[in-house]
Amino acid sequence: MIYIARLTGFSGFWRPVRRRLVVGAAAAVFAASLPAVAQAAPTPEDEQEAIANIDDLHAGIEHLMAHGRRLGRQASADYMAEVVDRTYNLNALTAQAVGPPAFRAFEDADREKVVAAYREFVIANYVDRFGRNLPISFGASVVEPGPRGALLVRSVLNRPTGDPVQLGYIVVTSDNGALGIADVIYNGVSESARRRAELSPLAEQGADALATALREKSTEIMTKTEVRRARNDGE
């Protein structure tokens, strides 16, 4: 019997704000899961590219909020797929979410299968969370050194009430030299660390079980999004 973990959405987005120090603590947890070999020290050009990368993601989310209802579910997913592919390091992101040792233990074809499934899951969550007009905005991005040669880009999500949500993006270099997001920290909570608790039992059952569970959850999220859209259109 395949154990299917209860996979959740980006629920951490709305938790009360915590101190800036906690984001650094979450980055330290990320560092502990990296291989011992650090990346090359980032250059000023890398820092500017990292900021531009996060600004690109935020602009994509804002576009989705403005046009998601008109675009519809599939077109919204296609649009966010392009944004995610541009701004994320999906191999690093998936490895952190699954657990680096388990991810490295998969065969190459199995890693590709899991990365593709986790990509669908990330896109579905963005469409579900931001595929409608919301009274939120993103603040300016600033960059600082991150763990083991990575970069930490900080920003905020401004809400109409309550404190802003503190955002931290761990940005790393991929094999082809491009920078991409490997983890997102919401109010001091690492998304990858939270996912790992859900996904590691599935990873123990193999890549097929993990990819199947991720795809099933993505379908469930997108179906829920469509039901909510139809209900709102009928009001």
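Output the residue which, of all residues in segment 75-108 that are of a type in the set (Ser, Thr, Tyr) and assigned to a helix (DSSP H, G or I), is farthest from Asp183 (Cα to Cα). Filtering segment 75-108 for residues that are of a type in the set (Ser, Thr, Tyr) and assigned to a helix (DSSP H, G or I), the one farthest from Asp183 (Cα to Cα) comes out as Ser76.
So which of Pro147, Pro135, Pro201, Pro164 is over 16 Å from the mean Cα position of the chain (by Cα) and either over 22 Å from Leu57 (Cβ atoms) or of a type in the set (Ser, Thr, Tyr) (or both)? Every option except Pro201 fails the conditions. For segment 202-221, the condition of being touching a residue at least 60 places away in the same chain (Cβ under 8 Å), crowded, with 20+ Cβ neighbours inside 10 Å, β-branched (Val, Ile, Thr) and out of contact with any Asp or Glu (no Cβ under 9 Å at 6 or more places or on another chain) holds for none of the residues.
In segment 164-187, of all residues being in a loop (DSSP other than H, G, I, E, B) and in contact with a strand residue (DSSP E or B) (Cβ under 9 Å, 6 or more places away or on another chain), the one that is surrounded by the fewest Cβ atoms within 10 Å (Cβ to Cβ) corresponds to Ser174. Between Ala59, Ala50, the distinction of being modelled with pLDDT of 95 or more, part of a helix (DSSP H, G or I) and closer than 20 Å to Ser190 by Cβ belongs to Ala50 only. Any chance segment 137-152 includes a residue that's in a strand (DSSP E or B), of a type in the set (A, V, I, L, M), touching a Phe, Trp or Tyr at 6+ places or on another chain (Cβ under 8 Å) and modelled with pLDDT of 95 or more? Yes: one or more hits. When the residues of segment 49-76 are filtered to those that are among the polar types (S, T, N, Q) and in contact (Cβ under 8 Å) with a residue 12 or more places away in the chain, the one that is farthest from Ile170 (Cα to Cα) is Ser76. Here is the figure for segment 110-136: residues that are free of Cβ contacts under 8 Å to residues at least 40 places away in the same chain and more than 26 Å from Asp163 (Cα to Cα) total 3. One residue alone among Ala75, Ala81, Ala116, Ala105 is under 25 Å from Glu226 (Cα atoms), surrounded by fewer than 19 Cβ atoms within 10 Å (Cβ to Cβ), at pLDDT 95 or above and more than 18 Å from the chain's Cα centre (by Cα), and that residue is Ala75. Within segment 90-144, being over 18 Å from Asp175 (Cβ atoms) and hydroxyl-bearing (Ser, Thr, Tyr) holds for Tyr126, Ser137, Ser141.
Screening Gly149, Gly139 for residues that are in contact (Cβ under 8 Å) with a residue 40 or more places away in the chain and among the small types (Gly, Ala, Ser) leaves exactly one candidate, Gly149.
The values are calculated or read from the model by the stated rules, or taken from the named source; none is laboratory data. All of these numbers come straight from a predicted model, not from anything done at the bench. As a convention, Cβ positions derive from the backbone with ideal geometry for all residues, glycine included, and neighbour counts pool all protein chains shown.
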